[in-house]
Amino acid sequence: MPVEGNLSDLLAVKDVRVADGTYFRCDIGHGRSLHLLRLAGVDTNAPLAVVIPLDADGLDRIEAATRLLCFLMRRGVPPDGRLTERQRRRARRMLQAIDGRMSGASYREIARAIYGTDRVGDEPWKTSALRDAVMGFVRDARAMIGGGYCRLLRRRRRK
């Protein structure tokens with residue numbers, strides 16, 4: 001019998017037994033699922049555990065484990081501190097810009113979609129700061145596509 005509050009009842013769905021233990025996929029809503037592993041030899045009623053490697057990304061993993069536990073216990077999930085609101089807004093604009101560019105849109109058309117037609121039309125395009133911003137969004141989005149997105153998954157580091 002599971003101990004009250006140990007969350008082992010989450011593992012009652014979609015299990016696959018392998019030599020290393022048992023893999024579980026738990027539906028967490030909105031088309032998302034959580035993948036867990038119970039190691040071979042661990043009591044089926046034992047509390048869930050998180051194994052966190054102590055490396056340069058350890059603090060990121062601890063923060064993610066805290067958010068996961070809050071979610072599983074149906075508590076308020078702390079905000080993800082890896083990106084500031086400004087960085088989220090920029091990432092959203094980068095996605096809009098690269099999506100538009102890959103669909104054949106000009107930089108001016110992308111600027112209109114992001115900033116609005118009136119704002120883009122108010123200044124000469126060739127010397128516009130909005131033009132430079134859109135070109136920067138596309139450039140940075142290409143870098144993200146090339147593997148730079150991994151930086152989004154890590155906490156900001158002090159230099």
request  = Give me the pairs, please: first residue somewhere in region 77-94 and farther than 27 Å from Ile28 by Cα and in contact (Cβ under 8 Å) with a residue 24 or more places away in the chain, second residue anywhere and assigned to a helix (DSSP H, G or I) and of a type outside the set (D, E, K, R), beta-carbon distance under 8 Å, and either six or more positions apart or on two chains.
outcome  = Arg90/Phe137; Arg93/Ile114; Arg93/Phe137; Met94/Phe137; Met94/Val138; Met94/Ala141; Met94/Met144
key: Test set (1) closer than 30 Å to Gly58 by Cα; (2) assigned to a helix (DSSP H, G or I); (3) modelled with pLDDT under 95 - Met94 fails condition number   = (3)
task = Residues being of a type outside the set (D, E, K, R) and free of Cβ contacts under 8 Å to residues at least 40 places away in the same chain: count how many of those fall in region 134-152.
result = 9
request  = Mind listing whichever residues of region 70-87 are surrounded by 14 or more Cβ atoms within 10 Å (Cβ to Cβ) and either more than 17 Å from Arg32 (Cβ to Cβ) or at pLDDT 85 or above (or both)?
outcome  = Arg82, Leu83
request  = Identify all residues within region 98-112 that are of a type outside the set (D, E, K, R) and buried (at least 19 other Cβ atoms within 10 Å of the Cβ); write none if there are none.
outcome  = Ile98, Gly100, Tyr107, Ile110, Ala111
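Of Arg82, Arg86, which residue is under 30 Å from Ala143 (Cβ atoms), among the basic types (Lys, Arg) and part of a loop (DSSP other than H, G, I, E, B)? So that I can check it myself, show each step before the final result.
Working: Arg86 fails: part of a loop (DSSP other than H, G, I, E, B).
Matching residue, one of Arg82, Arg86: Arg82.
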ask   = Among the residues of region 108-124, which ones are part of a loop (DSSP other than H, G, I, E, B) and either touching a helix residue (DSSP H, G or I) at 6+ places or on another chain (Cβ under 8 Å) or in contact (Cβ under 8 Å) with a residue 24 or more places away in the chain (or both)?
value = Glu123
task = Check whether at least one residue in region 120-132 is closer than 30 Å to Arg61 by Cα, of a type in the set (A, V, I, L, M) and at pLDDT below 95, and report yes or no.
result = no
ask   = Restricting attention to region 99-142, which residues are aromatic (Phe, Trp, Tyr) and more than 19 Å from Arg88 (Cα to Cα)?
value = Tyr107, Trp125
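The values are calculated or read from the model by the stated rules, or taken from the named source; none is laboratory data. Bear in mind the structure is a predicted one, so any value in this text is a computation, not a measurement. Neighbour counts are summed over all protein chains in view; Cβ atoms, including those assigned to glycine, are modelled from backbone coordinates with ideal geometry.
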